[in-house]
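This report refers to the structure that appears directly beneath it.
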Amino acid sequence: MTENSKKHVDSCRFCWMCRHICPIGNATGLERNTSRARALGLSLVNRGTFTLSEVIDNIYECACCGACTKECVTGWDPVMFTKEARLDGVLEGVLPEYINNLVDKCLETGNAYGAVEIDASLKATVVAHAQKADTLLFLGVDALYKVPEAAIKAIKVLEKAGVEFSVLEKEPASGQQLEYLISAANETKQQMLACAAAINAYDKVVVFDPQDAKVFKREYKEWGVELSAEVVTFTSFLAEILEKGSLEAKNSGKNVVYQDPFQLSRDLEETEEPRKVISAYAVCNEMLCCGKDTMWAGNLLMKEWMPDVILRVAADRINNAKGVGADTIVTASVSEYASLKAVEQSEVKILSLEELILGEQ
Ligand code: SF4
Ligand code: SF4
């Protein structure tokens, strides 16, 4: 572990100010699921009391959502040392078997789900955009393989706005899943380099999934993977075409709250654009923990090894919406949309931004 990470691991003052904002800790109620407990474990590894293999499961019980990093008064960064511990886990060959399996699938198929074919109706929609345009819509593995209806609706929205764009049937992996699983390992960088080579053939890349947008705009830059294409988030692109008048908007007056994906609001500092879009179609209210203080609502990747916890994380977020009397949550992350939809309940409607625009209210 680098000296910087060791310093962060050891500098926690145990003030507990970050304890209440961890979505996983809140869902499990377990002390081990707090950033300070994770640091304590790693501190004992650094001192030779434990081996990394003894705490490695705990290293994968973190969403790397950065809520604790934002909250820590000491400027302490748990995401940084958690990711470094994952990389150490690769180098020491002590990754849990369930993580190794997902990494293998990422390397074999480009996605952690091991999927090789996309849904037939999505395929038909994608094929209609096979011709090369200046703009590429990058859908991402969750939309392509897990929530094809979300990918179809994203395409429909751009069609409705008269945008000329391409979609790749064989989309390269952005590297976001490997970045989460094994951090800055060589395999992650190779996947990113291959993806950059493919998408640099376009002038502009509109990125549907905030998880991909985060790595394109942050890790690619940090790790020297050059992107000559202009990369824009789907939400900021929608705000832009709405302002230009390409998208027609009729406000239904419906009261909704917006679930900020942390990759947009915290990592990329994008909070206003999605609200501008929502406000054109509905009345955008706020729930507890919004904007940069957002609370993660779960994802499809962690569901692979912690399905019950992810369900509870999503249920907690629905309770936050109920707490302000909201009956609809609008999402901009396909993974959070799927997590929230998986909770069996009928009080709060879950809508994607695309569904709001397409009038599926
Ligand atoms: S990064 Fe998020 S999930 Fe991980 S410990 Fe911090 S608040 Fe919890
Ligand atoms: S807020 Fe910072 S110093 Fe306080 S317990 Fe959390 S990580 Fe430690």
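The values are calculated or read from the model by the stated rules, or taken from the named source; none is laboratory data. The structure displayed is predicted, hence computed values, not measured ones. Cβ placement follows ideal geometry from the backbone for every residue including glycine, while neighbour counts extend to all protein chains displayed. Accessible surface is based on the protein model in full, side chains and every heavy atom, while ligands, DNA and RNA are left aside. Shrake-Rupley method; radii C 1.70, N 1.55, O 1.52, S 1.80 Å.
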Please determine, in degrees from 0 to 90 and to the nearest 10, the orientation of helix 272-281 with respect to the longest principal axis defined by the Cα atoms of the chain, where the helix direction is its Cα long axis.
40
Sequence-separation-based contact order of the chain, relative, with Cα cut under 8 Å and 6+ spacing, percent:
14
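Which order do peptides 171-183, 67-79 fall in by mean Cβ count within 10 Å, highest first?
Descending packing order for the listed peptides: 171-183, 67-79.
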Taking Cα centroids, how far is region 343-361 from region 211-252 in Å?
22
What are the semi-axes of the equivalent ellipsoid for the chain, taken as the square roots of 5 times the Cα gyration tensor eigenvalues, largest first, in whole Å?
33, 25, 18
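Beyond 15 Å, what share of the Cα-Cα pairs of region 123-206 remains, rounded to the nearest whole percent?
On the way: 2062 of 3486 pairs.
I get 59 percent for the Cα pairs in region 123-206 exceeding 15 Å.
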Under the rule of -39500 (n - 2.57) per DSSP H run of 4 or more residues, summed and divided by the residues of the chain, what mean residue ellipticity at 222 nm is obtained, to the nearest 500 deg cm²/dmol?
-13500 deg cm²/dmol
Distant-in-sequence amide H partners of Val283 (H built 1.01 Å from N, under 5 Å)
Gly253, Lys254, Asn255, Val256
Virtual spin-label span in nm between Glu97 and Ala128, 7 Å along Cα→Cβ:
4.6
Stretch gain in nm, segment Asn4-Glu248, where the contour uses 0.36 nm per residue and the Cα spacing is subtracted:
82.8 nm
Whenever you get a sec, line up His8, His20 from highest to lowest accessible area (probe 1.4 Å, protein heavy atoms).
His20, His8
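Can you tell me the length gained on complete extension of the stretch Leu107 to Glu159, counting 0.36 nm per residue apart and subtracting the Cα distance? Could you put the intermediate results ahead of the total?
Values: separation 52, 0.36 × 52 = 18.72 nm, distance 3.29 nm.
Result: 15.4 nm gained on full extension.
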Compute the length gained on full extension between Glu272 and Ala342: take 0.36 nm times their separation in residues and subtract their Cα-Cα distance, giving the result in nm to one decimal.
22.5 nm
Computed over region 296-351, the convex hull of the Cα set has an average projected area, in nm², of 3.3
Roughly how many Å² is the accessible area per residue of the chain, as a whole number, for a 1.4 Å probe?
41
Order Asp142, Asp327, Asp134 by their accessible area, 1.4 angstrom probe, all chains in place, largest first.
Asp134, Asp327, Asp142
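Counting only protein heavy atoms, what percent of the accessible surface of the chain is carbon or sulfur at a 1.4 Å probe?
Whole-percent figure for carbon plus sulfur exposure: 49.
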So the angle from the long Cα axis of helix 234-244 to the longest Cα principal axis of the chain, reported in degrees to the nearest 10, equals 30
Exceeding the 32 Å Cα-Cα cut-off - candidates Lys146/Lys189; Lys292/Lys341; Lys204/Lys250; Lys6/Lys204
Lys6/Lys204
Using Cα atoms only, what is the angle between the long axis of helix 186-199 and the major principal axis of the chain, expressed in degrees (0 to 90) to the nearest 10?
10
